[in-house]
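The values are calculated or read from the model by the stated rules, or taken from the named source; none is laboratory data. For clarity, every value in this text was computed on a predicted model and none was experimentally measured. Cβ placement follows ideal geometry from the backbone for every residue including glycine, while neighbour counts extend to all protein chains displayed.
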Ligand SMILES: *Cc1c(COP(=O)(O)O)cnc(C)c1O
């Protein structure tokens, strides 16, 4: 290629998504492959959302409403956050990119944990910002160290709560303290993609801090507990002044009519979310017991996945499992070279993973 690529883009490594089932089956000549790689909902999509999406197809000759008025209204009703405080993204990942676009440039930096979501790094580097990756406290965000890492050139501080890929969380009080410590000139983004799964008394959404802190953006998504990852809708809660700046760099029709309509129906089906969370905990118990039986260490999780430590490299273990038709995720990209992340599925899938892991472990031993 003859087109000169800017240095900050040359040095960027593209996000590596979980391998799609069809791709793995084609490449390895396998059948009945199971995907436990991207924290997708094992119950499939929320059925009411699918129905609504199909009926919305009849109107797709029209452009959608850019701001997603009716979905914002539904989200507002459900969460009790005023409509003016809500912005939609093509997945919550797009809102992270929008925030980086709006607030980052050369010479400015972003603070996050070294063991967190890979997109924080990519969004920052693609705007030629600098990355300040802060060491975790074990496998949990060290929020005090993150606050300390903030300097005059910091514009963004990102916290996944609960965190991907560790599955750990920070308490509401810790997040509150973080907001009270970090200067108002830093946009704090609390990414709550897995909030629906958390069952801890001391955990609460940071949305309760919005009124007091105008430099806070709280993210949620329909990709996980609602089972709508393929539709791409995430949302952000923030001060209207902040959202005004974000809207300037948002592409005009970033969320589709079909997706907006489906998510309105999904919000109305809390039984589906409840069933998803219940299945998750039942199966988490099964997996924890079986992993312990295999002698594999794991990080206790409040999410729909488990970070499992393996002998040797996570990449090798991932590839060995792949040949057994089980797709998990190696986690070197997020700072865990000796771990894999396993999405909690239904019993059949979880059992297959355990059986495959047992086989892989056996082959490892001389
Ligand atoms: C899955 C996930 C998201 C959700 O991304 P979408 O773009 O909404 O699909 C966001 N943050 C983290 C940490 C995630 O793991």
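Restricting region 52-64 to residues that are surrounded by 15 or more Cβ atoms within 10 Å (Cβ to Cβ) and more than 11 Å from residue 264 (Cα to Cα), the residue that is nearest to the chain's Cα centre (by Cα) is 64.
Can you confirm whether residue 291 is in contact (Cβ under 8 Å) with a residue 60 or more places away in the chain, crowded, with 17+ Cβ neighbours inside 10 Å and outside any strand (DSSP E or B)? When the stated conditions are applied, residue 291 passes them. For residue 130, indicate whether it is surrounded by fewer than 18 Cβ atoms within 10 Å (Cβ to Cβ) and either more than 16 Å from the ligand (Cβ to nearest atom) or over 21 Å from residue 340 (Cα atoms) (or both). Yes, satisfied. Given the criteria closer than 24 Å to residue 135 by Cβ and either within 16 Å of the ligand (Cβ to nearest atom) or free of Cβ contacts under 8 Å to residues at least 60 places away in the same chain (or both), does residue 115 qualify? Against the criterion (closer than 24 Å to residue 135 by Cβ and either within 16 Å of the ligand (Cβ to nearest atom) or free of Cβ contacts under 8 Å to residues at least 60 places away in the same chain (or both)), residue 115 qualifies.
When residues in region 154-166 are screened for being in contact with a strand residue (DSSP E or B) (Cβ under 6 Å, 6 or more places away or on another chain) and within 16 Å of the ligand (Cβ to nearest atom), 8 of them pass. Residue 175 meets each of the listed conditions (1) crowded, with 24+ Cβ neighbours inside 10 Å; (2) in a helix (DSSP H, G or I); (3) within 11 Å of the ligand (Cβ to nearest atom) apart from (3).
For region 72-82, enumerate the residues that are away from the ligand (no atom under 14 Å from the Cβ) and surrounded by 14 or more Cβ atoms within 10 Å (Cβ to Cβ). Reasoning before the result, please.
Of the residues in region 72-82, the ones away from the ligand (no atom under 14 Å from the Cβ) are 72-74, 76-82.
Passing the criteria: 72, 74, 76, 79, 81.
Note on region 207-223: residues that are in contact with a helix residue (DSSP H, G or I) (Cβ under 6 Å, 6 or more places away or on another chain), within 11 Å of the ligand (Cβ to nearest atom) and within 29 Å of residue 180 (Cβ to Cβ) total 2. Kindly indicate the residue of region 93-108 that is surrounded by fewer than 24 Cβ atoms within 10 Å (Cβ to Cβ) and within 10 Å of the ligand (Cβ to nearest atom) and also nearest to the chain's Cα centre (by Cα) among those meeting that condition. Of everything passing the filter in region 93-108, 93 is nearest to the chain's Cα centre (by Cα).
Within region 1-24, being touching a residue at least 40 places away in the same chain (Cβ under 8 Å) and not in a loop (DSSP other than H, G, I, E, B) holds for 8, 9, 21, 24.
Among the numbered conditions (1) in contact with a helix residue (DSSP H, G or I) (Cβ under 8 Å, 6 or more places away or on another chain); (2) in contact (Cβ under 8 Å) with a residue 40 or more places away in the chain; (3) within 11 Å of the ligand (Cβ to nearest atom), the only one that residue 190 does not meet is (2). Restricting the first member to region 223-242 and to residues that are closer than 13 Å to residue 196 by Cβ, and the second to residues that are within 9 Å of the ligand (Cβ to nearest atom) and in a helix (DSSP H, G or I), the beta-carbon pairs closer than 6 Å and six or more apart or on different chains are 223/229. Does residue 170 satisfy the condition of being within 11 Å of the ligand (Cβ to nearest atom), under 20 Å from residue 307 (Cα atoms) and in a loop (DSSP other than H, G, I, E, B)? No; evaluated as a whole, the condition is false for this residue.
Do you know which residues across region 26-55 are more than 30 Å from residue 278 (Cα to Cα) and in contact (Cβ under 8 Å) with a residue 24 or more places away in the chain? Explain how you work it out, then say what you get.
So the first thing to find is which residues in region 26-55 are more than 30 Å from residue 278 (Cα to Cα), and the list is 26-30.
Scanning region 26-55 gives 28, 30.
Restricting attention to region 303-315, the residues that are surrounded by fewer than 20 Cβ atoms within 10 Å (Cβ to Cβ) and outside any strand (DSSP E or B) add up to 4.
Out of 226, 235, one residue alone is under 30 Å from residue 182 (Cβ atoms), touching a helix residue (DSSP H, G or I) at 6+ places or on another chain (Cβ under 7 Å) and either modelled with pLDDT of 95 or more or not in a helix (DSSP H, G or I) (or both). It is 235.
Restricting to region 317-352, name every residue that is over 20 Å from residue 118 (Cα atoms) and under 16 Å from the mean Cα position of the chain (by Cα).
So the first thing to find is which residues in region 317-352 are over 20 Å from residue 118 (Cα atoms), and the list is 317, 319-326, 344-352.
The answer is 344, and nothing else.
Among the residues of region 142-153, none qualifies, meaning not one is at pLDDT 95 or above, buried (at least 20 other Cβ atoms within 10 Å of the Cβ), assigned to a loop (DSSP other than H, G, I, E, B) and within 16 Å of the ligand (Cβ to nearest atom).
Taking residue 201, is it surrounded by fewer than 23 Cβ atoms within 10 Å (Cβ to Cβ), farther than 23 Å from residue 243 by Cβ and modelled with pLDDT of 95 or more?
Working: surrounded by fewer than 23 Cβ atoms within 10 Å (Cβ to Cβ): yes; farther than 23 Å from residue 243 by Cβ: yes; modelled with pLDDT of 95 or more: yes.
In short, yes.
Within region 67-94, the set of residues being touching a strand residue (DSSP E or B) at 6+ places or on another chain (Cβ under 9 Å), outside any helix (DSSP H, G or I) and over 22 Å from residue 227 (Cβ atoms) comprises 67, 81, 87.
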